[in-house]
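Laboratory data are not the source of any read-out in this text; all were calculated from the coordinates shown. Keep in mind that this is a model prediction, so the values were computed, not measured. Heads up, the Cβs are rebuilt from the backbone with ideal geometry, glycines too, and the neighbour counts pull from every protein chain shown.
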Amino acid sequence: MSVLLDNPAAVRRAAMDLLARREHGRVELMRKLRQRGAPADLIEAALERLAEEGLLSEARYLQSFVGYRARAGYGPLRIREELTQRGLARADVEQALRDSGIDWAEQLQDTWQRKFSGKLPADARERAQQGRFLSYRGYPLDLIGRLLRGTLDD
């Protein structure tokens, strides 16, 4: 059964239901409300009010997303790309990555350890395989190269 989002209270309730599950960015929340049939003018008014009340916060969303994806083993390049695709400003994304306090080299080491059991590549094929995996996960190539050479701690 579909809920009719034709008045400000219904749009606000739908937005708050989504925010109760997890943090959302403004663009993402707007898209979800639009998919549920809410008119653009009611969405904009509801989101403005939620932001004024502190219930909708891009900074909180960025912090939550960066932490969640980093814990899942993703690096800063992949996280940056995902957030940019979600309509967030590049400067805000960069600031969130800096403010996260995550040691990306340590994060890379943990991801590599889990996937490859800490075994350095024995030949070029293994090196390429490990490098591709870590690159796909969004870690910088210079860190990957140092890790696979065994010089990450230098």
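A few points about this structure:
- Candidate values (1) 41, 15, 11; (2) 24, 22, 17; (3) 32, 20, 13, label of the one derived for semi-axes √(5λ) of the Cα gyration tensor in Å: (1)
- Of interest is the spacing of the C-alpha centroids, which for segment 78-137 and segment 6-65 amounts to 30 Å.
- For the chain, the 222 nm mean residue ellipticity estimated from helices alone, with every DSSP H stretch of n ≥ 4 adding -39500 (n - 2.57) and the total spread over all residues, rounds to -21500 deg cm²/dmol.
- Taking Cα centre as origin and charging only the Cβ of basic (Lys, Arg, +1) and acidic (Asp, Glu, -1) residues, the dipole magnitude of segment 8-56 rounds to 280 debye.
- If only the Cβ of Lys and Arg carry +1 and only the Cβ of Asp and Glu carry -1, the dipole of segment 6-135 around its Cα centre is close to 600 debye.
- Sequence-ordered 3J(HN,Hα) estimates for segment 97-109 from the Karplus curve with 6.51, -1.76 and 1.60 and θ = phi - 60° stand at 5, 5, 6, 5, x, 7, 8, 5, 5, 5, 4, 4, 4 Hz, glycine and proline given as x.
- Gaussian network model of the chain, Cα within-10 Å springs - most flexible of Ala51, Ala91, Ala124: Ala124
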